[in-house]
Amino acid sequence: MQEETLSPPKPPEKRDRVVIRFAGDSGDGMQLAGTRFTESSAAFGNDLATFPDYPAEIRAPQGTLAGVSSFQVHIADWDILTHGDEADVLVAMNPAALKSNIRDVVAGGLILANEDAFDQRNLDKAGYESNPLTDGSLSNYHVMTAPMEKLTKLAVADSGVKGRSVLRSKNFFALGLISWMFNRPTEPIYEWVQKKFGEGTPVAEANIEAFRAGFNFGNTTEEFHHTYEILPAKLPAGTYTNITGNQALAWGLVAAAKSAGLTLFLGSYPITPATSILEEIARLKHFGVKTFQAEDEIAGVGVSLGAAFTGHLAVTTTSGPGVALKSETMSLALMTELPLILVDVQRAGPSTGLPTKVEQSDLMMALYGRHGEAPLPVLAPSSPSDAFAIAMEAARIALKYMTPVILLSDGYLANGAEPWRLPDFDDLPPIDIEHATEPNGPNGVFYPYARDEVTGARPWAIPGTPGLEHRVGGLEKEALTGNVSYDPDNHEMMTAARAAKVDGIANDIPDLEVFGADDADILVVSWGSTYGSVRAGVNNANKAGYSAAHVHLRHLNPFPKNLGDILARYDKVLVPELNLGQLTAVLRAKYLTPAVTLSKVQGAPFMANEVTKKIVDLLEDPS
Amino acid sequence: MTTDTRYTRADFQSGQEVKWCPGCGDYTILASVQNFLASLDIDREKHVFISGIGCASRFPYYVNTYGMHSIHGRAPAIATGVALADPDLTVWVITGDGDGLSIGGNHLIHALRRNVNLKILLFNNQIYGLTKGQYSPTSEAGKRTKTSPMGSLDHPFNPVSLALGAEATFVARTIDMDREHTTEMLQAAYEHKGTSFIEIYQNCNVFNDKAFQILTGRQEREANRIYLEAGKPIVFGKDNEMGVVVGIDGAQIVKVEDVGLDAIQIHDPARPSPGVAFALSRLAHGPSGPTPIGVFRQVERATYGDLMVSQIDDAKARNKATSISDLVQQHGTWTVE
């Protein structure tokens, strides 16, 4: 040690990837520290994936396990698929943060602890009988400590920030230290702080000083005299931005409205983890979008249905409990055959469940959770950036087929971020829509329920159009005229027509492409946000000498036409899902495939190695 | 009102067979509304009727305009979407006491407070008709029905009081049988900018016949209808011998000769505070005695739709960067060669 400090600083150790987790009290600013680290890594050119994880309570009791908030970021010099199974570095701002995150740290990993928070009171709150930083219980890890609170106080002394607010900057101290350790550029941090808090304001100064103090602490303290370098990733050429799923979804909806030449209308009610879509679109009023924060979930979809009737691209955003409340209106949208997009950013349920945690357990509700025979198209994005494309696809289907559509995102996609190679926004696929302007029946009669021969869609005649006055509603419609009909044969025919319209969309979506060999020993089928960890798990299995193939579904109703043929090619089919096997049940019922489930309902995404292990288990199983 | 009657009532009849019970008050209201629409100089396709569920809510099927028969209680929400999507439309909400005040009470009060440009007609028959006679949120306490064989325990809503409490900008009451008064109220509601709320006492001759006998019966009506007219003292009775005074304890019915005409309240629906209108609404809870009809309140307040449009216009004027590329550039990008 002694000699090492006397020698010149060592060159940074090269790593191809690292997973860092910032963990602290929910008031410690860990989400902010993680997001800033992510942004400067993005600016540096690393590939990355993030996993923010926080409690439902805004401020759970300080220092408790319940109040721990964390942000994990995986940065690499290659194209990565997941936020990382285990953390190489854990920043622990207090004992509770250490205790609730230590199980996810790789053996031999680095723990960087804020020693000032490891006092008796906080140790008691976290349930530690002795101080883990000194009692030897962390001997499998490399532990480093810094008096972050004391040094932050000293650093911000001249900033003008006073009293308890001083300690608010300690996340910037931690960020500074980690930024030094991983050779991150500092300019993006400074720029962001000035922009966010106002150039030269006491808060901006305090945060910058705390950041510098952390950065310099690493530079000058012998214990820390070791840095790492993760080179920029060799990503495909192009322009990139770092984006979360909710942001991409919001932009995709805005883009879809532009492509269709329609006004975007979003009626919504705040609910975790969907709220930020409403927030994002609400700030885009200069695009001509209309947003409406309704009195409840039912009104959120109700105003949207009214806007759809009146010719807008109408959307409502929510999470599981809200879908339940909106289901009656979705059935009306289906009966009136109006285009409407319901975005369900799934969270762990039932009931309030784990509102800030991820799950994929609304699939059955999306497919079947309505009264009567009420099939709807259901789509799911596979990554944060894919939410842009899937939003456009949802709009295309809704408008072309005059049907409500459900888009199933989830809490992991909503808040997780990744670099997105930007498409050519001037060359997005157009969405052709046509409002009816002329009578379509004999003698100037308008038939609101006449169907397009190919799509089965009915005409969209919006209020204000002369000569096409008509009534829609929840009572069964007579074919063509749309008049109320209690005729039994008509009801059967209309029920079939509505189902056939949705089934027919299978002719209008791309075939699935299988990743891996046609004669692989196992096919892994996934949907939604598990794409990255499942693909990584399949890759690991193949690297280990097994033969696994992977197919990922973005269209969940109807399924792509070739799904049945693909399933039939494989003896073993594995379906990893963050539920108890909902897609598996649908696949087994529809295709009689012997699919088995890998289930996880811990409010957390899959780790790639969990998928790998299940593949290996199934392939080693002689049965 | 224009004299250029390019429409007749027939232009607003949809041709669908009207299926209310014979003798239902809804027929009268339908005729009043259709005649009123025909009298307006406004294109037929500019009207949209949105309803919920219930007897009253079948209304849109019978009116030859755009319309939607929607979900129980949700009409104000759906109509809000229509009104915000196209401010040029005249959007009517047809609801009832069960639809608008029970299952849909929440949407109703929020539409009223927001002042969305809607004309809400609440047909109050004080009973659930479509489900064949259960007590409603406006049924009198103690009402015996099939679901309340020992009498209803519910304290009823007074719809006018409720609307005033929600700070509605236009609140009126009328009676189905009084077509002239109904038309007057429709006209006033039509001209009002914002949410207009009209409670229409409507007789359900099958499940709650003569609920409003006191206001419609030949013998009783003169003594019990209190016509509210702006700028006039609130007096009623055969010889206007009765009147209303408003004091700290609310509104009270007095003999004019006891207090003198100068003490009688002069009706002013434009008062900024809804207090006096609320006091007037408390005169009758039922109705079981003298009951005010007419416009309780009519004040000006910016409509939600106008405010929404002006926010969008402001945003457009301030920020011209309206391509997705602009959005992404502002968010921050980097280039990989």
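Total residues in the range B:55-70 satisfying the condition of being facing chain A (nearest Cβ under 8 Å) and free of Cβ contacts under 8 Å to residues at least 40 places away in the same chain: the figure is 6. The C-beta contact set for the range B:71-97 (first residue facing chain A (nearest Cβ under 9 Å), second residue modelled with pLDDT under 95, distance under 8 angstrom, 6+ apart or interchain) is empty. Residues that are of a type in the set (A, V, I, L, M), closer than 21 Å to residue B:47 by Cβ and surrounded by fewer than 19 Cβ atoms within 10 Å (Cβ to Cβ) within the range A:437-483 comprise A:445, A:475, listed in sequence order.
Taking the stated definitions as given, is residue B:210 surrounded by fewer than 21 Cβ atoms within 10 Å (Cβ to Cβ) and more than 20 Å from residue B:139 (Cα to Cα)? Spell out the reasoning first.
Numbers: surrounded by fewer than 21 Cβ atoms within 10 Å (Cβ to Cβ): yes; more than 20 Å from residue B:139 (Cα to Cα): no.
Here the answer is no, as residue B:210 does not meet what is asked.
Of the listed requirements (1) away from chain A (no Cβ under 14 Å); (2) within 19 Å of the chain's Cα centre (by Cα), residue B:141 misses just one: (2). Among all residues of the range A:267-275, there is none that is at pLDDT 95 or above, farther than 30 Å from residue B:78 by Cβ and crowded, with 22+ Cβ neighbours inside 10 Å. Only one of the numbered conditions (1) at pLDDT below 95; (2) crowded, with 22+ Cβ neighbours inside 10 Å; (3) out of contact with any strand residue (DSSP E or B) (no Cβ under 8 Å at 6 or more places or on another chain) is violated by residue A:134, and that is (2).
Of all residues being surrounded by fewer than 16 Cβ atoms within 10 Å (Cβ to Cβ) and among the charged types (D, E, K, R) in the range B:114-156, which is nearest to residue B:89 (Cα to Cα)? Just the residue, please. Taking the candidates together, the pick is B:132. Per the listing B:28, B:5, the residue uniquely touching a helix residue (DSSP H, G or I) at 6+ places or on another chain (Cβ under 7 Å), part of a helix (DSSP H, G or I) and among the β-branched types (Val, Ile, Thr) is B:28. Among the residues of the range A:189-228, the ones that are among the aromatic types (Phe, Trp, Tyr) and not in a helix (DSSP H, G or I) come to 1 in all.
Can you name every residue in the range A:160-188 that is among the charged types (D, E, K, R) and either outside any helix (DSSP H, G or I) or surrounded by fewer than 13 Cβ atoms within 10 Å (Cβ to Cβ) (or both)? Correct list: A:162, A:164, A:184, A:187. At least 1 residues being in contact with a Ser or Thr (Cβ under 8 Å, 6 or more places away or on another chain) and within 30 Å of residue A:419 (Cβ to Cβ) is the threshold, and among the helices (runs of 4 or more DSSP H) wholly inside the range A:244-334 those reaching it are A:245-260, A:275-282.
Give B:251, B:315 a once-over and let me know the one that is free of Cβ contacts under 8 Å to residues at least 24 places away in the same chain and either under 25 Å from the mean Cα position of the chain (by Cα) or surrounded by 14 or more Cβ atoms within 10 Å (Cβ to Cβ) (or both).
Every option except B:315 fails the conditions.
Tally up the residues in the range B:232-282 that are within 17 Å of residue B:172 (Cβ to Cβ) and of a type in the set (Lys, Arg), please. So the count comes out to 3. From the list A:418, A:434, the one residue that fits, being more than 17 Å from residue A:341 (Cα to Cα), outside the structural domain of residue A:256 (by TED's automatic domain parsing) and among the acidic types (Asp, Glu), is A:434. Within the bounds of the range A:266-285, is there any residue that is within 11 Å of another protein chain (Cβ to nearest Cβ) and closer than 22 Å to residue A:73 by Cβ? Yes, the conditions are met somewhere in the range A:266-285. Within the range A:559-585, residues that are within 28 Å of residue A:500 (Cα to Cα) sit with their Cβ atoms under 6 Å from residues that are of a type in the set (Phe, Trp, Tyr) and part of a helix (DSSP H, G or I), at 6+ positions apart or across chains, in these pairs: A:564/A:591; A:567/A:591. With respect to being crowded, with 20+ Cβ neighbours inside 10 Å, assigned to a helix (DSSP H, G or I) and outside the structural domain of residue A:530 (by TED's automatic domain parsing), residue A:96 fits the description.
Per-residue answers, yes or no, for (1) at pLDDT 95 or above; (2) in contact with a Leu (Cβ under 9 Å, 6 or more places away or on another chain); (3) within 11 Å of chain A (Cβ to nearest Cβ):
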residue	(1), (2), (3)
B:281	yes, yes, no
B:291	yes, yes, no
B:296	yes, yes, no
B:301	yes, no, no
B:317	yes, no, yes
B:320	no, no, yes
B:328	no, yes, yes
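Looking only at the range A:349-359, decide whether some residue is out of contact with any Asp or Glu (no Cβ under 6 Å at 6 or more places or on another chain) and in a strand (DSSP E or B). Taking every residue of the range A:349-359 in turn, at least one turns out to be out of contact with any Asp or Glu (no Cβ under 6 Å at 6 or more places or on another chain) and in a strand (DSSP E or B).
Of the strands (runs of 3 or more DSSP E) lying entirely inside the range B:176-248, those carrying at least 1 residues that are touching a residue at least 60 places away in the same chain (Cβ under 8 Å) are B:196-201, B:225-228. Within the range A:166-211, which residues are free of Cβ contacts under 8 Å to residues at least 24 places away in the same chain and over 30 Å from the mean Cα position of the chain (by Cα)? Passing the criteria: A:167, A:198, A:199, A:200, A:201, A:204.
The values are calculated or read from the model by the stated rules, or taken from the named source; none is laboratory data. No experiment lies behind these values; they were computed from the predicted model shown. Note that we place each Cβ from the backbone using ideal geometry, even for glycine, and neighbour counts take in every protein chain shown.
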